[in-house]
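Note sheet for the following structure.
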Amino acid sequence: MYSHVTVGTSDVKRSERFYDAVMVVLGHPVLFKNAKALAYGTGTGEKFFVLYPFDGKEARPGNGVHAAFKADSRAMVDAFHKAALESGGSDEGPPSLRPHYHPNYYGAYIRDPDGNKLQAVCHRKDG
């Protein structure tokens, strides 16, 4: 459904440390890196960009906005959460079942060093 998601940063180098650790856990390769932006994913598939805002203003997280990454297993969700916290992120909800979404919904929420809210979620019963 989506081509890409973009979040802003105020420090690409700090974000690189964080996102390299988180994206490798989720199996998303580095697409490219430069002094102003990071990209993960594949050239013809879904992508996730982290960059300085194009308008030159301060990067700020959106209120009520988050990006959720599909995880192949509950262990992958756990690893995502652990890697995020070890790389400068903060906890917004530890890994757990969230049956109010559906019976097999297992997710974890974090914030990156810039305050952007991210999630990893496994929808599998046997996750």
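The values are calculated or read from the model by the stated rules, or taken from the named source; none is laboratory data. What you are looking at is a predicted structure, and each value in this text was computed from that prediction instead of being measured. Virtual Cβ from ideal backbone geometry, glycine too; neighbours counted across all protein chains shown. To get the accessible areas, we keep the full protein, side chains included, count just its heavy atoms, and leave off ligands, DNA and RNA. Shrake-Rupley method; radii C 1.70, N 1.55, O 1.52, S 1.80 Å.
Under 5 Å between amide hydrogens, built in the peptide plane, is the criterion, and for K47 it picks out H4, V5 among residues at least 5 positions away or on other chains. Distance between the modelled labels on H66 and N104, one decimal in nanometres: 2.1 nm (7 Å Cα→Cβ projection). Beta-bridge orientation, the chain: approximately 65 percent antiparallel, per DSSP, counting only bridges with both partners inside.
Relative to the longest principal axis of the Cα atoms of the chain, the long axis of helix 74-86 makes an angle of roughly 40 degrees.
Under the definition of Cα pairs under 8 Å and six or more residues apart, what whole-number percent is the relative contact order of region 55-127?
Relative CO of region 55-127 lands at 38 percent.
Once backbone amide H atoms are built at 1.01 Å from N, L31 has A39, Y40, G41 as its partners under 5 Å, excluding neighbours fewer than 5 places away on the same chain. Rg and Dmax, both from the Cα atoms of the chain and both in Å, are 14.2, 46. Across the chain, the mean sequence separation of Cα contacts (distance under 8 Å, 6 or more residues apart), normalised by length, yields a relative contact order of 26 percent. The label-point distance for K82 and R124, in a model that sets each label 7 Å from Cα toward Cβ, rounds to 1.8 nm. Taking the 1.4 Å solvent-accessible surface of the chain as the whole, the part contributed by carbon and sulfur is 54%.
Solvent-accessible area per residue in the chain equals 57 Å², computed with a 1.4 angstrom probe and all protein chains kept.
The distance between label points at A75 and T44 comes to 3.1 nm (points 7 Å beyond Cα on the Cα→Cβ vector).
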